[in-house]
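K.L.:
Shown below is the structure under consideration.
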Amino acid sequence: KQEVTQIPAALSVPEGENLVLNCSFTDSAIYNLQWFRQDPGKGLTSLLLIQSSQREQTSGRLNASLDKSSGRSTLYIAASQPGDSATYLCAPYPIKAAGNKLTFGGGTRVLVKP
Amino acid sequence: SAVISQKPSRDICQRGTSLTIQCQVDSQVTMMFWYRQQPGQSLTLIATANQGSEATYESGFVIDKFPISRPNLTFSTLTVSNMSPEDSSIYLCSVRQGSHEQYFGPGTRLTVT
């Protein structure tokens, strides 16, 4: 059974600092891994999808890396802004999962202070 | 990408009543899912909504409590039946095409008093 852990659980930084969010997963047989953003009381917004064959994926100030063999992904957010304050979730999509299920980590709650 | 809408966006309901949540997608999708997010928790999959057949429920969730319909490839409903305060959560509709990116709706915030 896939287990996903996100560290740290919460992070508070001053504006302008770079953010590093970590995700580890136990089953490395995955098709891809997604990073999501969730604002309080809202749905999830997909930030980046990184395929199992990729090492990195970039979108603007966001960069996600994937080391499938060690079961790790890292989301980097450069030059953080107060608008980046949200909860960030990672979800690997395992090949063996019955019913095509994503498994979510507990999330990292980020606060960027002006 | 898929654009997903949900109705209602939020509701406050009395114990013992039922609420039906609607999910509409702007394109045909093969897979639709319903998730629950309890306060302060991560997402838990309730069921996969199958077009033309009964939904596939995850362990701990049953059809009598969470009946699901999926009449076509763009629409699904989730009913939360005989509600109790423990059902207070955000309910999220989600879609996926094959092994590709998964998208989520804006969520329905349910409070049961």
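The values are calculated or read from the model by the stated rules, or taken from the named source; none is laboratory data. Quick caveat, the model's predicted, so the values are computed rather than measured. Reconstructed Cβ throughout: ideal geometry from the backbone, glycine too, with neighbour counts over all protein chains shown.
K.L.:
I need the full set of residues from the stretch A:15-74 which are of a type in the set (Val, Ile, Thr) and more than 14 Å from chain B (Cβ to nearest Cβ), in order please.
P.N.:
Correct list: A:Val20, A:Thr26, A:Thr58, A:Thr74.
K.L.:
Which count do you get for residues in the stretch B:16-53 that are assigned to a strand (DSSP E or B) and not hydroxyl-bearing (Ser, Thr, Tyr)?
P.N.:
16
K.L.:
Tally time: how many residues in the stretch B:54-69 are more than 25 Å from A:Glu3 (Cα to Cα) and either at pLDDT 95 or above or part of a strand (DSSP E or B) (or both)?
P.N.:
Of the residues in that region, 7 qualify.
K.L.:
While we're here: Got at least one residue in the stretch B:101-112 being touching a Ser or Thr at 6+ places or on another chain (Cβ under 7 Å), farther than 17 Å from A:Lys42 by Cβ and either part of a strand (DSSP E or B) or more than 11 Å from every other protein chain (Cβ to nearest Cβ) (or both)?
P.N.:
yes
K.L.:
From (1) closer than 30 Å to A:Ser53 by Cα; (2) within 14 Å of chain A (Cβ to nearest Cβ); (3) over 14 Å from the mean Cα position of the chain (by Cα), pick out the condition that doesn't hold for B:Pro39.
P.N.:
Of (1) closer than 30 Å to A:Ser53 by Cα; (2) within 14 Å of chain A (Cβ to nearest Cβ); (3) over 14 Å from the mean Cα position of the chain (by Cα), only one is false for B:Pro39: (1).
K.L.:
May I pose another question? Show the residue pairs that are 6+ apart or on different chains and have beta-carbon atoms under 8 Å apart, the first residue being within the stretch B:75-87 and closer than 11 Å to B:Gly16 by Cβ and in a loop (DSSP other than H, G, I, E, B), the second being of a type in the set (A, V, I, L, M) and modelled with pLDDT of 95 or more.
P.N.:
B:Met83/B:Leu19; B:Met83/B:Leu110; B:Met83/B:Val112; B:Ser84/B:Val112
Here's the yes/no breakdown for (1) modelled with pLDDT under 95; (2) within 16 Å of B:Gly40 (Cα to Cα); (3) among the polar types (S, T, N, Q):
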position: A:Ser12; (1), (2), (3): no, no, yes
position: A:Ile30; (1), (2), (3): yes, no, no
position: A:Glu56; (1), (2), (3): no, no, no
position: A:Thr74; (1), (2), (3): no, no, yes
position: A:Ala78; (1), (2), (3): no, no, no
position: A:Gly106; (1), (2), (3): yes, yes, no
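K.L.:
While we're here: Only residues that are surrounded by 12 or more Cβ atoms within 10 Å (Cβ to Cβ) and among the hydrophobic types (A, V, I, L, M, F, W, C): list them for the stretch B:1-41, please.
P.N.:
Hits for the stretch B:1-41 are B:Ala2, B:Ile4, B:Cys13, B:Leu19, B:Ile21, B:Cys23, B:Val25, B:Val29, B:Met31, B:Met32, B:Phe33, B:Trp34.
K.L.:
Turning to a different aspect of this structure: Across the stretch A:39-56, which residue is surrounded by the fewest Cβ atoms within 10 Å (Cβ to Cβ) among those that are closer than 15 Å to A:Ile77 by Cα and not aliphatic (A, V, I, L, M)?
P.N.:
It comes out as A:Glu56.
K.L.:
Report whether or not A:Asp84 is more than 22 Å from B:Ile90 (Cα to Cα) and either within 14 Å of another protein chain (Cβ to nearest Cβ) or of a type outside the set (Gly, Ala, Ser) (or both).
P.N.:
When the stated conditions are applied, A:Asp84 does not pass them.
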